[in-house]
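These notes concern the structure reproduced below.
The values are calculated or read from the model by the stated rules, or taken from the named source; none is laboratory data. None of these values were measured; they are calculated from a predicted model. Neighbour counts are summed over all protein chains in view; Cβ atoms, including those assigned to glycine, are modelled from backbone coordinates with ideal geometry. Areas reflect the complete protein model, heavy atoms only, side chains present, ligands, DNA and RNA absent. Shrake-Rupley method; radii C 1.70, N 1.55, O 1.52, S 1.80 Å.
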Amino acid sequence: MKRFVTAERALRAAAPDKLLEAVRGVLIEHYAAESVELFMADYGLTVLQPVSGLPQIQESVPAHYGPVGRAFGAQEAFVEGVSDGLVCVHLPVTVRGDRLGVLSVTLPGGDHARDSLQELTEIAEVLGHEVVVAERDTDLYLQARRKDRLTLAAEMQWQLLPGRSCARPEFELGAQLEPAYAIFGDNFDWSSTADRLMLYLSNGMGEGIEASLLTNLAVNALRNARRAGLPLADQAALADQAVYAHYRGRRYLSVLMFEFDLAGGRVQVVDAGSPQMLRLRNGKVERVTFEAQLPLGMFEETDYVPQEFEVEPGDRLVFVSDGVYAVASPGGETYGDAALARAILSTRLLPAAEVPRAVLRELTGHRGDAVPSDDALVVCLDWRGRQP
């Protein structure tokens, strides 16, 4: 325990860009580590990239197979035998369900590794929290996440997001946007309190910077209204006014907004546009529809009316933008509900954080080699509800 406290203090005292050096020093001195590396998940969730050696990125490793990828995908420590009595312990670096990467530590095997495993796991968790805080003051970890250059529109969209996954006792969330390095209009946002989960899925009109600017305006207007304590329908109305005041109806934004009661499972929803929801319950996938209302900013002073439905423990809700369900195959066949249902059923054993990437991979197979004509959003919510 004294070693762990030393590691925790070293991380908290380190400069934002020196977290890896700080944890490496403690692990070498107090845990007999031979080497230490931090890998960050890239924006496309395809590879894990080492932080050492930036700005020249060293060789990345796969995010979903191999020793490092196994720890990342399973979200469990994985011990890999190396040589000369050494092992490499790969530890997920995750903050409240948001999977950031993997910390890999090479150290003596046998009893030493087994006795150190729990403390190393906790050190990786502390490191994750410190990385999130440090990103306010350094670009180092954001640079490590990119294997390609982001477009300016994509840079704006990723900075707007709350994370890519989130976990609480009542629910698990996972989300992904594609093409990860060139998105422009699709977006998601969430926020939770002791009793509520707020979830928003949006699709901004247009392409490139114009779509990103529209989405940034609308999402920040929604956040402003939410943080003022306004109910769901009033949040939509105020964001609608903000968008209309700027664009005068020339551009608008589709949004699907939810407020989940964490205790009872009752949900309020405002459906103002194109994002869709499918529900997996008792092995059956069905599309859940709501009364469609006008997108934000289409007309001046639109009134929005919330609707209600209920979720049950064990429900999986999958939300998609039109860049998913409207994608056409080389033969002109749209992806649609049937293909989405198959994709949701085929991924039913995956955790929520893994589902969006898996669904988007199936979408890529349907589209073939064609260049995407629209960005695509997939969000997965696993509902457990509050236990008595």
Inset, instruction - With a 1.4 Å probe and every protein chain left in place, work out the accessible area per residue of region 1-145 in Å², rounded to a whole number. - result: 46 Å²
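With only Lys, Arg, Asp and Glu charged, each at its Cβ (+1 for the first two, -1 for the last two), find how big the charge dipole of the chain is about the Cα centre; round to the nearest 20 debye. If you can, show how the numbers build up before the last one.
Values: 37 positive and 54 negative charges, 49 e Å.
Around 240 debye, computed over the chain.
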Legend entry - With Cα atoms, 0 to 90° folded angle of helix 111-134 axis to the chain main axis: 40 degrees
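Could you state the per residue volume, in Å³, of the convex hull enclosing the Cα atoms of region 42-178? Mind showing how you got there, number by number?
Details: hull volume 16.9 nm³, N = 137.
Per-residue hull volume (Cα only) is 123 Å³.
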Legend entry - In order through region 14-25: 3J(HN,Hα) via Karplus (6.51 cos²θ - 1.76 cosθ + 1.60), integer Hz, x for Gly, Pro: 6, 5, x, 8, 10, 5, 5, 4, 5, 5, 5, x
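For the chain, what relative contact order do you get, as a whole percent, if you take Cα pairs closer than 8 Å and at least 6 residues apart? Let's see the in-between values first.
Working: 834 pairs, mean separation 52.5, N = 388.
Relative CO of the chain lands at 14 percent.
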Inset, instruction - In whole angstrom, note down how far apart the Cα centers of region 66-90 and region 123-175 are. - result: 23 Å
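How much space per residue, in cubic angstrom, does the convex hull of the C-alpha atoms of the chain take up? Display every interim value, and only then the final one.
Working: hull volume 60.2 nm³, N = 388.
Value for the chain: 155 Å³ per residue.
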Inset, instruction - Quickly estimate the mean residue ellipticity at 222 nm for the chain, helices only: each DSSP H run with n ≥ 4 gives -39500 (n - 2.57), and the total goes over all residues, rounded to 500. - result: -11000 deg cm²/dmol
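Taking all protein chains in place and a 1.4 Å probe, what share, in percent, of the accessible surface of region 161-202 do carbon and sulfur account for?
Values: 610 of 1120 Å².
Roughly 55 percent of what the probe reaches on region 161-202 is carbon or sulfur.
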Legend entry - Angle in degrees between helix 336-346 and the longest Cα principal axis of the chain, rounded to the nearest 10: 30 degrees
Legend entry - region 306-366-region 1-31 distance, computed between alpha-carbon centres (Å): 42 Å
Legend entry - Centre separation in Å (Cα based) which lies between region 186-246 and region 92-110: 34 Å
Legend entry - Cα centre as origin, Lys/Arg/Asp/Glu Cβ charges: region 17-95 dipole, Debye: 160 debye
Legend entry - 4 °C / 1.567 mPa s Stokes-Einstein diffusion coefficient of region 152-236, Kirkwood radius on C-alpha pairs, µm²/s: 96 µm²/s
Inset, instruction - Determine which lysines satisfy two conditions relative to LYS284: a Cα distance under 25 Å, and not lying fewer than 8 residues away in the same chain. - result: none
Inset, instruction - At a Cα cut-off below 18 Å, give the aspartates and glutamates reachable from LYS18, other chains included and same-chain residues fewer than 8 away excluded. - result: GLU8, GLU29, GLU37, GLU125, GLU130, GLU135, ASP137, ASP139
Legend entry - Once the Cα gyration tensor of region 252-388 is diagonalised, semi-axes √(5λ) in Å: 25, 22, 11
Legend entry - Distance (nanometres) between label positions extended 7 Å along Cα→Cβ at VAL133 and ASN216: 2.8 nm
Legend entry - Principal axis dimensions, largest first and in whole angstrom, of region 6-102 by Cα: 34, 32, 30
Legend entry - Dipole of the chain, positive end: most advanced residue of ALA343, GLY109, VAL68 [Cβ charges, Cα centre]: GLY109
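In region 215-265, what percent of the accessible surface is made up of carbon and sulfur (1.4 Å probe, ligands and nucleic acids excluded)? Don't skip to the end; give the middle numbers.
Details: 910 of 2020 Å².
Reported share for carbon and sulfur atoms: 45 percent.
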